[in-house]
Amino acid sequence: PTYPGMLAAARATGLRPVPVPMDADGVRPELLADAFRATGARVLVTQPLFQNPTGATLAPDRRPEILAIARAAGAFVIEDDFARRLVHDDAGPLPAPLAADDPDGVVVHVCSLTKVTSPSLRVGALAARGPVLERLRAIQVVDSFFVPRPLQEAALELVGSPSWGRHLAAVAAELRHRRTTMAAALSGELPELALPHLPAGGGSLWLRLPGGGAGTGTDEPAVVSAALRASVAIAPGRPYFCAEPPAGHVRLSFAAVSGAAEIAEGVRRLRTAFDGLLGS
C-alpha cells in the first residue's frame, strides 16, 4: 500500500504503478529486483521513513541494497521524505535521507514544510544531483514559474525563528501521546482490529480488518459507512493499493483531532458501529 495521491499522479501522466511487497522493515529488496526485471520500470517511488500508510521505516541494511538495485536497473529513486518532521519523541535517532548515501544522482529527494506547519503553507523542496536536476528545474519553471515571495518570506521567518525547535519538539511529543492514546483505546475497545506495526512517526495507524471479505460484516465499505453513521471519519484501505489488497484495511488519523478525549470518543463510537455491523 502507498499514498493514493502518488498513484493518482502516476496514472494522470500515463504511467502504470506496480506494487512491490514490503514488511515491517520496508521494501523487500529481492522482490524489488524482480519487479524491475519483470516490468522494465525506470522509477521507484518510496517513503523510507514512516511510510504512508503503514508507518514502517526502511531497515539500515536494506538502504544500500535498494539504491544498488535501482542503479543496476538504470532507474531513479524518488524519496518522498514527507514525515521526517512528524517524528514522535520516543523514536530515537533518525536515519539520514537516502539521498545522503547517493553520490551518483540516482535519488530525487522530496520534502515539505506543509505537514508540520499548516495545510496553507504549500512550500516544498526537491533535491537532486547531475543532469536530472537541470531537467527538473526546467520543468518547475514551466509548471509553476516561481514560489510567491510572501510565501517564501513566511517560510524563512518560520524556520529561522528561535521557536522553531520548540515547535518541532511540541509536535513530536503531542503526536506520540495521541498515537499511544489511540493504540491503547483500540486495544481495549476493538481488539479484533490488528495493528501490525506501531509507528514512531506520522499521524495515523494502519489496521487490518478481521476476515475482510464481503459478506463477513467487516468488509471495508460496510465498516466505513457504519463509522460515518456514528460521525467518525476513517479511510478505507482499498485506495492505498494499486493491485488487489491482501485483506481489508482502514486508516485512522490522530493528527487532526482536538486531543486525547476526542480520540477516546471516536474509538468508543467505532466500537458501537462494529457492534451494529456484527449484530446485523
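Backbone amide hydrogens, once placed in the peptide plane, bring Ile78 within less than 5 Å of Leu44, Val45, Thr46, Val108, excluding anything fewer than 5 places away on its chain. Figure legend: label point modelled 7 angstrom from the Cα of Ala184 along Cα→Cβ; residues of region 222-260 with amide N under 16 Å from it are 259-260.
The shape of the chain can be summarised by an equivalent ellipsoid whose semi-axes, obtained from the alpha carbon gyration tensor, come to 33, 25, 18 Å from longest to shortest.
When only alpha carbons are used to place a centre, region 160-226 and region 52-87 end up 22 Å from one another.
Classify region 156-251 as rounded, prolate or oblate, taking a ≥ b ≥ c as the square roots of the eigenvalues of its Cα gyration tensor: rounded when a/c is under 1.5, otherwise prolate if a/b is larger than b/c and oblate if not.
Values: a/c = 2.60, a/b = 2.14, b/c = 1.22.
Taking the square roots of the gyration eigenvalues as a ≥ b ≥ c, region 156-251 is prolate.
For Gly201, neighbours were defined as the other residues whose beta-carbon sits under 12 Å from its Cβ, and their charges (Lys and Arg +1, Asp and Glu -1) total +2. Computed extension length for Arg229-Ala96: 43.6 nm, one decimal, from 0.36 nm per residue of separation with the Cα-Cα distance subtracted.
The Stokes-Einstein estimate for region 4-159, based on a Kirkwood radius over Cα pairs and taken at 4 °C with 1.567 mPa s viscosity, is a diffusion coefficient of 77 µm²/s.
Working note: 222 nm ellipticity from helices only, DSSP H runs with n ≥ 4, each -39,500 (n - 2.57), summed and divided by the residues of the chain, gives -13000 deg cm²/dmol to the nearest 500. For the chain, the share of DSSP beta bridges that are antiparallel, to the nearest 5, is 65%.
Given Cα pairs under 8 Å that are at least 6 residues apart, what percent is the relative contact order of region 168-279? Spell out each step's value before the answer.
Values: 161 pairs, mean separation 36.0, N = 112.
Taking the mean separation of contacting Cα pairs over the length of region 168-279, I get 32 percent.
Using Cα pairs under 8 angstrom and six or more residues apart, how large is the relative contact order of the chain, in percent?
Details: 428 pairs, mean separation 50.3, N = 280.
After rounding, I find 18 percent.
For a paramagnetic label modelled on Ala173 (point 7 Å from Cα along Cα→Cβ), amide N atoms under 15 Å away belong, within region 48-92, to 88-91.
Every number here is computed from the coordinates shown, using simple stated rules; none is lab data. Owing to the predicted nature of the structure, the values given are computational and were not obtained by experimental measurement. Cβ: placed from backbone, ideal geometry, glycine included. Neighbour counts: every protein chain shown.
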